[in-house]
Amino acid sequence: MLLQARTRVAETPALANLPISFRQADVAALPFPDSSFDSVVDTFSLCVFPDPQAALNEMARVVRPAAEGGRVLLLEHCRSDNPLLAAYQDATAGPVAALGKGCVWNQDVEAMATMAGLRAVGGERAAAGTVQLIVAAKQ
């Protein structure tokens with residue numbers, strides 16, 4: 001994935017002269033100081049991280065405070081807000097994870113973000129409530 005990113009930057013003239021760097025790191029122990037980033041973006045990753053709560057805790061740690069404009073942007077599989085579909089997700093979560101590269105598709109991402117010290121300041125749901133965009137800031 002890092003090789004693809006480096007290649008894309010090298011092949012995109014508008015990005016070629018920007019100070020872009022890449023780091024491989026453990027998402028549960030990021031090698032950055034507190035409040036290092038204006039934004040943290042996560043797309044369909046929490047569902048496959050071994051410890052999604054630890055990952056969210058680190059995202060909250062490294063993003064700047066809300067008063068400084070810091071935001072965490074999450075686009076994730078989540079437990080549907082439709083009770084019937086949520087029951088189906090719960091019943092099939094194990095097989096789906098086994099077939100889908102470990103993707104746990106019935107997590108309450110907003111609750112996990114809150115536990116990490118983030119609060120939703122925007123967002124929406126799609127795909128019958130099984131996909132959620134959360135724009136969050138440090139509480």
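The numbers here are math on the coordinates, done by the rules we state, and not lab data. Source: prediction; values computed, not measured. Here Cβ is always computed from backbone atoms with ideal geometry, including for glycine, and neighbour counts include all displayed protein chains.
Data overview
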| read-out | value |
| --- | --- |
| Projected label distance in nm at SER35 and ASN17, using a 7 Å step from Cα toward the beta-carbon | 3.3 |
| Highest average packing first - 64-77, 9-22, 84-97, Cβ atoms within 10 Å | 64-77, 84-97, 9-22 |
| Cβ-defined net charge surrounding LEU15, 13 Å radius [Lys, Arg +1; Asp, Glu -1] | +1 |
| Gain on full stretching of the segment that runs from ALA98 to ALA54 - 0.36 nm per residue minus C-alpha separation | 13.7 nm |
| Cα pair distances exceeding 17 angstrom across the chain, given as percent | 64 |
